[in-house]
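These notes are about the structure you will find just below.
The values are calculated or read from the model by the stated rules, or taken from the named source; none is laboratory data. All values reported here derive from a predicted model rather than from experimental measurement. Positions of Cβ are backbone-derived with ideal geometry, glycine not excepted, and every protein chain shown enters the neighbour counts. Ligands, DNA and RNA are excluded from the accessible area calculation, which covers all protein heavy atoms including side chains. Shrake-Rupley method; radii C 1.70, N 1.55, O 1.52, S 1.80 Å.
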Amino acid sequence: MHAGLHAVTAPAWDAAWSHALTELELDVAEAEALLRADHAGPVELRSQQWVPPTGLGPLPAPLVERAQALLDRQLDVARRTAAAALLSRRHLVAVDAMRERPPAVPVYLDTQG
């Protein structure tokens, strides 16, 4: 009976994990597109925020390679995002340093009124 139960639930288990990985892959692809777009203009964002699934159990062995590749992409996006943020802060400092300061404006005090 145990083997029969496993045979019935295994496809659903794999499908649930596959769906969860697909959702994460879409989010990583969106982050990668944002990094590629740089200053190219607006990027269409997914309207749905990822919510961690519950009750999936351990990762099925056939999906381990896919999950590892996804993790590698996530780590790369995190590294590139941090580098882009640092570069953006450096650019902001440089722009602020080049900004012309307005000339001192004379201030008059009305002593007659």
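Cβ contacts < 8 Å: first residue in contact (Cβ under 8 Å) with a residue 24 or more places away in the chain, restricted to region 9-24; second residue of a type in the set (D, E, K, R) and part of a helix (DSSP H, G or I), any location; separation 6+ or different chain. Result?
So the pair list comes out as Leu21/Arg66.
Report whether or not Val107 is of a type in the set (Val, Ile, Thr), under 26 Å from Ala31 (Cβ atoms) and open to solvent by 60 Å² or more (accessible area, probe 1.4 Å).
When the stated conditions are applied, Val107 does not pass them.
Since Arg101 meets every condition but one in (1) farther than 27 Å from Glu32 by Cβ; (2) in a helix (DSSP H, G or I); (3) of a type in the set (Lys, Arg), which condition does it not meet?
For Arg101, the failing item is (2).
So which residues in region 9-18 are surrounded by 12 or more Cβ atoms within 10 Å (Cβ to Cβ) and either touching a Ser or Thr at 6+ places or on another chain (Cβ under 7 Å) or not small (Gly, Ala, Ser) (or both)?
Residues satisfying the conditions are Thr9, Trp13, Asp14, Trp17.
Kindly indicate whether Leu86 is open to solvent by 100 Å² or more (accessible area, probe 1.4 Å), free of Cβ contacts under 8 Å to residues at least 24 places away in the same chain and assigned to a helix (DSSP H, G or I).
Taking the combined requirement at face value, the residue does not satisfy it.
How many residues are among the charged types (D, E, K, R) and without any contact (Cβ under 8 Å) to a residue 12 or more places away in the chain if we restrict to region 44-74?
Residues meeting the conditions: 3.
What are the residues in region 47-67 that are open to solvent by 70 Å² or more (accessible area, probe 1.4 Å) and under 19 Å from the mean Cα position of the chain (by Cα), if any?
Within region 47-67, Ser47, Gln48, Gln49, Trp50, Val51, Pro52 qualify.
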